[in-house]
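A.B. asks: Handing you a structure now.
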Amino acid sequence: MALPLINYVPKSQNVRVEGYVVPGDDQPTIFTTENVLSPGDMDILIEAAYRQIFFHAFKWDRERFLESQLRNGQITVRDFIRGLLLSNTFVTSFYEKNSNYRYVEQCVQRVLGRDVYSEQEKIAWSIVVATKGYGGFIDDLLNSDEYLENFGYDTVPYQRRRNLPGRDQGETPFNLKSPRYDSYYRGILGFPQIVWQNEIRRFVPQDKQLKAGDPANFLAAARSISSARGTTTPRVATGNLDYLAKVPRR
C-alpha cells in the first residue's frame, strides 16, 4: 500500500512572492498551445519542452511518436511532458544515475518550476518514489494542484519568477544549479580521473647541461643506437671514460 505524502512546510521563495511584474527580457517566455498559429510555432514549443526536461536533447533522445501526437492534437502539452519524463533517456540519465533525493530535486525543478523547499520535501517525495515507483511519482507531480494552477494542460513548465524587482541577482538557473551528474554518481564511477599524457620536463641548471665534446653525448647516442638495433650495451671501462661495446644478442 502506497503511503500518503508527508506534510512539509513551504518556505518563501521567489515563486511564492506575489506582485505586479512588468514584462521584460528578464521574464521567462511562456510557450503554450493556446497561441500556436503555425507549424513553426509548434516546433518552437516542442524545443522549449526538450530544453526544460533534458536541457539539451540529441537526435536519438527525441520522442518522434509523442511529437507527432502533439502536433495532431491527440495529446496535450502535459501528456507530452509526462512522456518525456518517462522516456528511456530521462530514466537512464536521471533516475538510474542519481539517488532518490537527487532525482526528486531535479524533477521538482523541471516539472513544478521551482526549487525544493527543504530536506523534508525531498524525503516526502522520495517515499513516494520508493512506494509508487518513478512513474507514480511523475503522475503525482503532474496531477498536483500546484502544477495545474501554474501550467495547466497546455503550457510548458518553466522556472517561475527567477528574478525579483529590486534585487541585483536572481536565482541560479536549474540546469546550472543541478547538473545531470553530480558528485554522488561521479564518485561511483571513480571520476574525476587525471590522465597525464604529456612529457614531464625537468629543469636542468645551465652548469649541468650537456656541452659539445662532453663524453656523455657519445654515451647517450650509443645507447639510442643500440636500443634501436636490439643489442645489449654493457659498459667497458677504459681509463677514466666508459665506452660502450656492442654485443649482438644470442
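The values are calculated or read from the model by the stated rules, or taken from the named source; none is laboratory data. This is a predicted model, so every value here is computed, not measured. Note: ideal-geometry Cβ built from the backbone for every residue, glycine included; neighbour counts use all protein chains shown. The accessibility values were calculated without ligands, DNA or RNA, using every heavy atom of the protein model including side chains. Shrake-Rupley method; radii C 1.70, N 1.55, O 1.52, S 1.80 Å.
A.B. asks: Write out, first by first residue and then by second, each pair whose Cβ atoms fall under 7 Å of each other, whose residues are 6+ apart or on separate chains, and whose first residue, in the range 104-118, is open to solvent by 10 Å² or more (accessible area, probe 1.4 Å) while the second is of a type in the set (Ser, Thr, Tyr).
C.D. replies: Going by the 7 Å Cβ cut-off, the qualifying pairs are GLU105/SER178; TYR117/TYR8; SER118/TYR8.
A.B. asks: Here is a follow-up. Limited to the range 29-60, what total is found for residues that are over 27 Å from GLU119 (Cα atoms) and modelled with pLDDT under 85?
C.D. replies: Number satisfying all stated conditions: 11.
A.B. asks: Just a yes or no: is a residue in the range 66-74 open to solvent by 40 Å² or more (accessible area, probe 1.4 Å), among the polar types (S, T, N, Q) and within 24 Å of TRP125 (Cβ to Cβ)?
C.D. replies: The answer is no; no qualifying residue exists.
A.B. asks: Please return the ranges of helices (runs of 4 or more DSSP H) entirely within the range 41-123 where 3 or more residues are among the polar types (S, T, N, Q).
C.D. replies: So the answer is 100-112.
A.B. asks: Of the numbered conditions (1) in contact (Cβ under 8 Å) with a residue 60 or more places away in the chain; (2) under 23 Å from LEU148 (Cβ atoms), SER99 fails exactly one; give the number of that condition.
C.D. replies: It fails just one condition, (2).
A.B. asks: Something else: Consider the range 126-166. How many of its residues are β-branched (Val, Ile, Thr), within 23 Å of LEU70 (Cα to Cα) and in contact (Cβ under 8 Å) with a residue 60 or more places away in the chain?
C.D. replies: 2
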